[in-house]
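Participant: The following block contains the structure, expressed as structure tokens.
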Amino acid sequence: MAALNTKANIEAPDEFYAELLSVHEGRSKAESDALNARLILLLANHIGDRAVLSEALAAAALEKQD
């Protein structure tokens, strides 16, 4: 079983973040929320490992909400 990697692991993270922001430009809140949901499902499918996905859900739920 793989474990959730929470260490920095994205090549060119600043460029990825800029790309993520740009894909949301001009979208309504509902459209951005739907885009995020599709992205999450695509990445979850790519990961595939249910234990890792459950670990990610638990870790995300611990993050403080504004």
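Every number in this text was worked out from the coordinates using simple rules, so none of it is lab data. It should be emphasised that the depicted structure is a prediction, and the values quoted were computed from it without experimental measurement. Here the Cβ positions follow ideal geometry from the backbone for every residue, glycine too, while neighbour counts run over all protein chains shown.
Participant: Give a residue-ordered list of calculated ³J(HN,Hα) values for region 39-54 (Karplus: 6.51 cos²θ - 1.76 cosθ + 1.60, θ = phi - 60°; whole Hz; x for Gly, Pro).
Facilitator: 4, 4, 5, 5, 5, 4, 5, 5, 5, x, 6, 4, 5, 5, 5, 5
Participant: Which one, LEU57, ALA8, GLY26, projects farthest toward the positive side of the charge dipole computed for the chain from Cβ point charges (K/R +1, D/E -1)?
Facilitator: LEU57
Participant: As I understand it, the value is the acute angle between the Cα axis of helix 13-24 and the longest principal axis of the Cα atoms of the chain; what does it come to in degrees, rounded to 10?
Facilitator: Between the helix axis and the principal axis of the chain, the angle is about 50 degrees.
Participant: Considering amide H positions built from the backbone, and no H for Pro or chain starts, which residues 5 or more places from ASP49, or on another chain, come under 5 Å of its amide H?
Facilitator: Long-range HN contacts for ASP49: none found.
Participant: How big is D for the chain, in µm² s⁻¹ as a whole number, if Stokes-Einstein is applied with the Kirkwood radius of its Cα pairs at 25 °C and 0.890 mPa s?
Facilitator: 178 µm²/s
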